[in-house]
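A.B. asks: I am attaching a structure below and will ask some questions about it afterwards.
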Amino acid sequence: MSTAAPPADWHRLDPRTVLVTALVVAGVVAGAAVPVTLGLTRWSSLPVAVLQVLAGALLVIGVAAGADRVRWHRTRYRIGTERVDLHTGLLLVKRRSLARSRIRTVDLTANLMLRLLGLVTVRIGTGEQGSESTLVLDPVTRAEGERLRLLLLERAATASPGVHREGELAVLDPRWIRYAPVSFVAPMLGGAAAGAVMQVSDWIGAQGQVIEWVGDRFRETPLLWTIIVLVLAALVAGVVGALGLWIEMWWNYRLEREAGGTLRVRRGLFTSRSISVEEARLRGVDLVEPLGVRLLGAARLDAITTGLAKDHEARNADHNTLLPAAPRTRADAVAADVLREPDTPTGAALTPHPRAARGRRLRWSLAAALAPVLILTLLGALLTPVLLWIALGCAAVAVPVAVALALDAYRALGHALSGRYLVTRSGTVRRSTAALERAGVIGWTVKQSVFQRRAGLLSITATTAAGGGAYTAYDTDASEGLTFAADAVPGLLEPFLERSPKGA
């Protein structure tokens, strides 16, 4: 096969991609080798099973390396004055091109294997939906990746109003790791760990023995205590997993402002990530406080911006997070620096919502808590009194929790105008304080149900091309909510207000 170099203005990926693919596939094959070998011993001797698995492993690794060698040979890219071109494919050559004027992100990632070899994966995106809006160069050298990032994100530096800091805006404080165990990730990882134990034991045909061993340990223990101990063990495993995941994601974290108006987030222990956000595309920030993190006085900071990559892989990589969970005061300070404001809009005094909004939340929350209690009560009346006692216990626990969450959700409601930004806050399990640039609002959506109309309330949503696309002030006083929208973006809502009946 010919290895002739492409034309001068075209470039190839790094040839060590074949080595990377071979090593990665070898690791996957090694992980699967033990259960496969044990499974084959049911029909043949151990030496024969080992030879069969070894031959299969070599075949899989060889095919994967060969396919990647073809991919490397048939892939080339070019950075032109107007466009970025990527050609790849063997029989059906796929030609893709992005206009440089539309490029909004150039992100660099490198797993441990790529880092050891000095390579990175470059993702060039326009921030639009779908994989066709992103070009992936996997891999190139780190120097080439940095060159592409600077070249494609190069913009004429423009002065921005307000006070601000250049250079480093935030760095990792190892003490922030204390917020990892109280995130919702911990119980999810605990459940996943328990499921993994059962799955692996099933693969090797030892699931029955595992269940029997657990049963022997708790033979003399009451059922309730057995359940409590097993749940605590799963939570401990989840906490350990959450700590490890936090270290992997946020170690070496650094947020900085580069020349030309680009915010850059770098982070990662084994897999390094570099995410760039143009300030020209920044429309605000979202201060997010999950319940557990909020109880410890912390919050994370997300960017509200147009043009961040929105394909499937990017959505799973916290692409818009500027600051991990940190003390609330620190998050507010970083928000002010990011927005180039002397005082952060996320700390502005908010207008509280009417007491009728509290009643709506209490009714919703109690209905959600009492629905399963009602079902258990009906079943208990028809089947067994035991279900009645279970229903009573559920009610005793669920009702106070439901009331507490409803009152907390009501206290969270608020909205305000703070300089160039409109601010909305809502949520209890996940409280969000969004500061959206008023110039970024492209429309308003006003919703008022029959029950809201009777209570004199409405929900008003600012629509934007950035972030989640919609930021809502829930259950505001009807006249106050419309005035808030009219003052936030003068001239946008007035034509509709003039034609609406008074008090609508």
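The values are calculated or read from the model by the stated rules, or taken from the named source; none is laboratory data. In this text the structure is predicted, and so the values were computed from the model without any measurement. When we count neighbours, we look across all protein chains shown, and the Cβ atoms used for this are built from the backbone with ideal geometry, even at glycine. What goes into the accessible areas is simple: the full protein's heavy atoms, side chains included, and nothing from ligands, DNA or RNA. Shrake-Rupley method; radii C 1.70, N 1.55, O 1.52, S 1.80 Å.
A.B. asks: Pick out the one residue from Ile304, Ile375 that is open to solvent by less than 60 Å² (accessible area, probe 1.4 Å) and either of a type in the set (A, V, I, L, M) or modelled with pLDDT under 95 (or both).
C.D. replies: Ile304
A.B. asks: Let me ask something else. If you take the residues of the range 27-45 that are farther than 20 Å from Ser201 by Cβ, in a helix (DSSP H, G or I) and free of Cβ contacts under 8 Å to residues at least 12 places away in the same chain, which of them is least open to solvent (accessible area, probe 1.4 Å)?
C.D. replies: For the range 27-45, the residue satisfying everything is Gly27.
A.B. asks: Just to verify a result, which residue in the range 316-359, among those that are part of a loop (DSSP other than H, G, I, E, B) and open to solvent by 50 Å² or more (accessible area, probe 1.4 Å), is farthest from Arg257 (Cα to Cα)?
C.D. replies: Pro352
A.B. asks: Could you tell me how many of the residues in the range 430-442 are farther than 15 Å from Thr306 by Cα and exposed (fewer than 13 other Cβ atoms within 10 Å of the Cβ)?
C.D. replies: 0
A.B. asks: Part of a strand (DSSP E or B) and either open to solvent by less than 30 Å² (accessible area, probe 1.4 Å) or small (Gly, Ala, Ser) (or both), is that true of Thr461?
C.D. replies: Spelling it out, Thr461 is indeed part of a strand (DSSP E or B) and either open to solvent by less than 30 Å² (accessible area, probe 1.4 Å) or small (Gly, Ala, Ser) (or both).
A.B. asks: If you don't mind, another one. Is it the case that Arg83 is open to solvent by 80 Å² or more (accessible area, probe 1.4 Å), under 21 Å from Thr126 (Cα atoms) and over 29 Å from the mean Cα position of the chain (by Cα)? Walk me through how you get there before you give the answer.
C.D. replies: Details: open to solvent by 80 Å² or more (accessible area, probe 1.4 Å): yes; under 21 Å from Thr126 (Cα atoms): yes; over 29 Å from the mean Cα position of the chain (by Cα): yes.
So Arg83 passes the test.
A.B. asks: Could you list, ordered by first residue, the pairs with Cβ atoms under 8 Å in which the first is in the range 80-91 and within 18 Å of Arg147 (Cβ to Cβ) and the second is part of a loop (DSSP other than H, G, I, E, B) and modelled with pLDDT of 90 or more, at least 6 apart or interchain?
C.D. replies: Taking only residues 6 or more apart or on different chains, the pairs are Leu86/Thr75.
A.B. asks: Please tell me if Ser365 is crowded, with 19+ Cβ neighbours inside 10 Å and among the polar types (S, T, N, Q).
C.D. replies: Against the criterion (crowded, with 19+ Cβ neighbours inside 10 Å and among the polar types (S, T, N, Q)), Ser365 qualifies.
A.B. asks: Considering the range 410-429 alone, what residues qualify as being surrounded by 17 or more Cβ atoms within 10 Å (Cβ to Cβ), of a type in the set (A, V, I, L, M) and in contact (Cβ under 8 Å) with a residue 40 or more places away in the chain?
C.D. replies: Once the filter is applied, which keeps residues that are surrounded by 17 or more Cβ atoms within 10 Å (Cβ to Cβ), of a type in the set (A, V, I, L, M) and in contact (Cβ under 8 Å) with a residue 40 or more places away in the chain, the range 410-429 yields Leu413, Ala416, Leu422, Val423.
A.B. asks: Where residues in the range 241-269 are at pLDDT 90 or above and of a type in the set (Val, Ile, Thr), which of them is least open to solvent (accessible area, probe 1.4 Å)?
C.D. replies: Taking the candidates together, the pick is Val265.
A.B. asks: If you don't mind, another one. Do you know which residues across the range 346-373 are basic (Lys, Arg) and under 12 Å from Val403 (Cβ atoms)?
C.D. replies: Arg358, Arg361, Arg363
A.B. asks: Need the failing condition index for Glu256 against (1) farther than 20 Å from Glu168 by Cα; (2) touching a residue at least 24 places away in the same chain (Cβ under 8 Å), just the number.
C.D. replies: With (1) farther than 20 Å from Glu168 by Cα; (2) touching a residue at least 24 places away in the same chain (Cβ under 8 Å) applied to Glu256, the lone miss is (1).
A.B. asks: Exactly one of these conditions fails for Thr428: (1) farther than 24 Å from Ser183 by Cβ; (2) not in a helix (DSSP H, G or I). Give me its number.
C.D. replies: That leaves (1) as the condition not met.
A.B. asks: Kindly state which helices (runs of 4 or more DSSP H) lie completely within the range 191-298 and contain at least 2 residues that are closer than 23 Å to Val429 by Cβ.
C.D. replies: Details: elements: 207-217, 223-250, 291-295.
Qualifying helices (runs of 4 or more DSSP H): 223-250, 291-295.
A.B. asks: Identify the single condition in (1) in contact with a Leu (Cβ under 7 Å, 6 or more places away or on another chain); (2) within 27 Å of Met113 (Cβ to Cβ) that Gly268 does not satisfy, given that it satisfies every other one.
C.D. replies: Of the numbered conditions (1) in contact with a Leu (Cβ under 7 Å, 6 or more places away or on another chain); (2) within 27 Å of Met113 (Cβ to Cβ), the odd one out for Gly268 is (1).
A.B. asks: Here's a follow-up. Within the range 1-51, which residues are of a type outside the set (A, V, I, L, M, F, W, C), under 42 Å from the mean Cα position of the chain (by Cα) and either at pLDDT 75 or above or farther than 30 Å from Leu116 by Cα (or both)? Walk me through it before giving the result.
C.D. replies: Taking the range 1-51 as the starting set, the residues that turn out to be of a type outside the set (A, V, I, L, M, F, W, C) are 2-3, 6-7, 9, 11-12, 14-17, 21, 27, 31, 35, 37, 39, 41-42, 44-45, 47.
Restricting the remaining residues to those that are under 42 Å from the mean Cα position of the chain (by Cα) gives 3, 6-7, 9, 11-12, 14-17, 21, 27, 31, 35, 37, 39.
Hits for the range 1-51 are Asp9, His11, Arg12, Asp14, Pro15, Arg16, Thr17, Thr21, Gly27, Gly31, Thr37, Gly39.
A.B. asks: Just need a number here: residues in the range 46-71 that are more than 14 Å from Val29 (Cα to Cα) and open to solvent by less than 30 Å² (accessible area, probe 1.4 Å).
C.D. replies: Here the count works out to 2.
A.B. asks: Just to be sure, is Ala395 open to solvent by 20 Å² or more (accessible area, probe 1.4 Å), part of a helix (DSSP H, G or I) and within 16 Å of Ile304 (Cα to Cα)?
C.D. replies: Against the criterion (open to solvent by 20 Å² or more (accessible area, probe 1.4 Å), part of a helix (DSSP H, G or I) and within 16 Å of Ile304 (Cα to Cα)), Ala395 does not qualify.
A.B. asks: Against the condition at pLDDT 90 or above and surrounded by fewer than 16 Cβ atoms within 10 Å (Cβ to Cβ), how does Leu295 come out, does it pass? Step through it out loud before you land on a result.
C.D. replies: On the way: at pLDDT 90 or above: yes; surrounded by fewer than 16 Cβ atoms within 10 Å (Cβ to Cβ): yes.
The answer is yes for Leu295.
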